[in-house]
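Chemist: Just dropping this structure here.
The values are calculated or read from the model by the stated rules, or taken from the named source; none is laboratory data. Remember, it's a predicted structure, so these values are computed and weren't measured experimentally. Heads up, the Cβs are rebuilt from the backbone with ideal geometry, glycines too, and the neighbour counts pull from every protein chain shown. These accessible areas exclude ligands, DNA and RNA; they are computed on the full protein's heavy atoms, side chains included. Shrake-Rupley method; radii C 1.70, N 1.55, O 1.52, S 1.80 Å.
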Amino acid sequence: MCRIFSHISSLKVALRHGHICNFKEDLRVDGRGCEDYRCVEVETDVVSNTSGSARVKLGHTDILVGVKAEMGTPKLEKPNEGYLEFFVDCSANATPEFEGRGGDDLGTEIANTLYRIFNNKSSVDLKTLCISPREHCWVLYVDVLLLECGGNLFDAISIAVKAALFNTSIPRVRVLEDEEGSKDIELSDDPYDCIRLSVENVPCIVTLCKIGYRHVVDATLQEEACSLASLLVSVTSKGVVTCMRKVGKGSLDPESIFEMMETGKRVGKVLHASLQSVLHKEESLGPKRQKVGFLG
């Protein structure tokens with residue numbers, strides 16, 4: 001056992017040293033610069049029995065998100081709004097570490113992070129989800145499934161959630177009141193008579209991993225193994241930071257945090273612009289577009 005751990009420690013030191021040398025020249029082992037993402041594949045409307053869905057592949061990271069709209073009762077503290085619920089399932093096929101209940105803690109951590117970035121009134125206009133104040137509203141159940149883990153989970157999940165919400169169609173309803181004051185809810189017979197959410201202000205997460213004296217975005221599993229601390233920056237399309245969170249056992253000095261924030265805002269704006277362009281382009285193709293689909 002001592003030999004095994006010795007080899008593992010030596011490997012980590014060698015990897016860390018190699019990455020630091022490359023990062024000084026703004027060059028990573030796969031040829032990317034420190035602020036470059038890997039190729040991102042986005043496809044929407046991949047699950048038929050949902051209100052909206054999306055699948056995102058970022059390198060070897062594969063994420064599937066489905067959104068289901070169901071009627072519920074508004075929360076007491078927000079009687080004029082609907083709300084979102086997040087559930088994250090870490091598939092045992094994604095990595096051996098998720099076998100049994102191994103992925104439960106990570107799933108809870110991701111779900112709590114999503115609640116934090118959407119706990120912002122400007123992210124999604126929740127008032128559009130209200131049907132009848134204090135009585136009925138739409139509840140959006142956002143289910144996230146991790147199919148494969150290849151590094152940078154939080155960024156890939158935030159992209160997939162935004163794409164799925166963009167694809168979400170909510171049936172239009174009318175509230176009818178009779179002479180006695182009782183209310184009935186009537187759904188439109190037209191399947192195309194739906195409400196679409198505005199996702200312009202929905203933030204995306206940009207994760208910056210500190211390795212040596214530099215920080216990188218979209219880290220691979222190997223790069224994450226060399227990083228002792230990372231900063232998750234939630235950024236809107238206008239470059240506004242909505243929340244931040246440090247992960248990892250290492251520490252970050254104030255100057256590094258400021259630099260990582262500025263990088264996150266700069267990279268986040270480009271990421272949003274590219275994602276919005278892809279989503280609108282795909283939607284413009286209409287129902288005749290060629291679909292790869294889930295498991296396609």
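Chemist: Identify, please: which residue in segment 247-268 is open to solvent by 90 Å² or more (accessible area, probe 1.4 Å) and charged (D, E, K, R) and is, among those, farthest from ALA163 (Cα to Cα)?
Modeler: This residue is GLU255.
Chemist: Could you please let me know if VAL233 is within 17 Å of the chain's Cα centre (by Cα), open to solvent by 60 Å² or more (accessible area, probe 1.4 Å) and at pLDDT 90 or above?
Modeler: It is false that VAL233 is within 17 Å of the chain's Cα centre (by Cα), open to solvent by 60 Å² or more (accessible area, probe 1.4 Å) and at pLDDT 90 or above.
Chemist: For residues in segment 153-187 being of a type in the set (Ser, Thr, Tyr) and surrounded by 13 or more Cβ atoms within 10 Å (Cβ to Cβ), which is nearest to SER132 (Cα to Cα)?
Modeler: SER169
Chemist: Still on this structure, please answer the following. If I filter segment 140-151 for residues that are in a helix (DSSP H, G or I) and of a type outside the set (Gly, Ala, Ser), do I get at least one hit?
Modeler: Checked segment 140-151: no residue is in a helix (DSSP H, G or I) and of a type outside the set (Gly, Ala, Ser).
Chemist: Does segment 95-139 hold any residues that are open to solvent by less than 80 Å² (accessible area, probe 1.4 Å), acidic (Asp, Glu) and either in a helix (DSSP H, G or I) or in contact with an Asp or Glu (Cβ under 7 Å, 6 or more places away or on another chain) (or both), and which are they?
Modeler: ASP104, GLU109
Chemist: Give the residue, chosen from LEU295, LEU279, LEU271, that is modelled with pLDDT of 95 or more, aliphatic (A, V, I, L, M) and either surrounded by 11 or more Cβ atoms within 10 Å (Cβ to Cβ) or part of a loop (DSSP other than H, G, I, E, B) (or both).
Modeler: Answer to the selection: LEU271.
Chemist: Could you list, in sequence order, all residues of segment 238-267 that are of a type in the set (Lys, Arg) and in a helix (DSSP H, G or I)?
Modeler: Correct list: LYS265, ARG266.
Chemist: Can you tell me which condition GLY82 does not meet? The list is (1) open to solvent by less than 20 Å² (accessible area, probe 1.4 Å); (2) in contact (Cβ under 8 Å) with a residue 60 or more places away in the chain; (3) more than 17 Å from VAL144 (Cα to Cα), and all the others hold.
Modeler: Of everything listed in (1) open to solvent by less than 20 Å² (accessible area, probe 1.4 Å); (2) in contact (Cβ under 8 Å) with a residue 60 or more places away in the chain; (3) more than 17 Å from VAL144 (Cα to Cα), GLY82 misses just condition (2).
Chemist: Follow-up question, since we're still on this one. With the checklist (1) at pLDDT 95 or above; (2) more than 17 Å from the chain's Cα centre (by Cα); (3) closer than 23 Å to LEU140 by Cβ in hand, flag the one item GLU262 doesn't pass.
Modeler: (3)
Chemist: Could you please find all residues in segment 182-210 being within 25 Å of LEU279 (Cα to Cα) and part of a loop (DSSP other than H, G, I, E, B)?
Modeler: Correct list: ASP190, PRO191, TYR192, ASP193, LEU197, SER198, VAL199, GLU200, ASN201, VAL202, PRO203.
Chemist: Next question. So, VAL65, is that one within 17 Å of ASP143 (Cα to Cα), surrounded by 14 or more Cβ atoms within 10 Å (Cβ to Cβ) and at pLDDT 95 or above or not?
Modeler: yes
Chemist: If you scan segment 211-230, which residues turn out to be farther than 11 Å from GLY250 by Cα, in a strand (DSSP E or B) and open to solvent by 10 Å² or more (accessible area, probe 1.4 Å)?
Modeler: ARG214, HIS215
Chemist: Given the criteria open to solvent by less than 40 Å² (accessible area, probe 1.4 Å), among the charged types (D, E, K, R) and part of a strand (DSSP E or B), does ASP89 qualify?
Modeler: For ASP89, the condition - open to solvent by less than 40 Å² (accessible area, probe 1.4 Å), among the charged types (D, E, K, R) and part of a strand (DSSP E or B) - is not met.
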